[in-house]
1. What's the magnitude of the charge dipole for the range 3-142 around its Cα centre, counting Lys and Arg as +1 and Asp and Glu as -1 at the beta-carbon? Answer in Debye, nearest 20.
2. On full extension of the chain, what length is gained from Leu23 through Ser39, given 0.36 nm per residue of separation minus the C-alpha to C-alpha distance?
3. Going by C-beta contacts inside 10 Å, put Glu104, Glu131 in order with the fewest on the left.
4. For the range 59-70, in order, what is each residue's ³J(HN,Hα) by Karplus, 6.51 cos²θ - 1.76 cosθ + 1.60 with θ = phi - 60°, in whole Hz (x at glycine and Pro)?
Amino acid sequence: MNAKGIALRLRKSQNGQSSLEYLLLLAAFFSAFGILLPSISFSVEQFFSASDAALAKNLAAQLQEQETLFQFLADGSKNTLKVLPSQKISISSQGSLITIFAGEKQFQVQCSSPQLIPLQEFSSKFFIQLERINGATQISVNQSKP
């Protein structure tokens, strides 16, 4: 073999080695990505859960404030609250106590009059309407704007 043939064979061997190194680097990247993906997914889910918990807490405070305000307003007064959960919020009432659930957290609002809100779960926009009727505040929850 001459020197030119050896140099050509060595160059092809180096190209093959570069391709193999590139594939090894890709395999390492995808392995690391596969290991990190579950933890990233868990973190994102926890973020949205915490976001809904904060939204439910703020909604309970806002609902309590509005319910207190409505005690001093005249019959026929109305107000609508728009709620946009990230994942899921549930709301129900038992007597004059309204409970708002977000994940494992729950927040309660004490009303001046009994409310009839069956357990409802929402994963998209919903509305809470407050209306003063016959001296009592009535609260209703709807998927569509009332």
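1. With Lys and Arg at +1 and Asp and Glu at -1, about 1080 debye.
2. Gain on extension, Leu23 to Ser39, equals 3.2 nm.
3. Glu104, Glu131
4. After applying 6.51 cos²θ - 1.76 cosθ + 1.60, I find 5, 4, 5, 5, 5, 5, 5, 5, 5, 5, 4, 5 Hz.
A short reminder: the numbers here are calculations on the coordinates, not readings from a lab. Note that the structure is predicted; figures quoted are calculated from it, not measured. Neighbour counts are summed over all protein chains in view; Cβ atoms, including those assigned to glycine, are modelled from backbone coordinates with ideal geometry.
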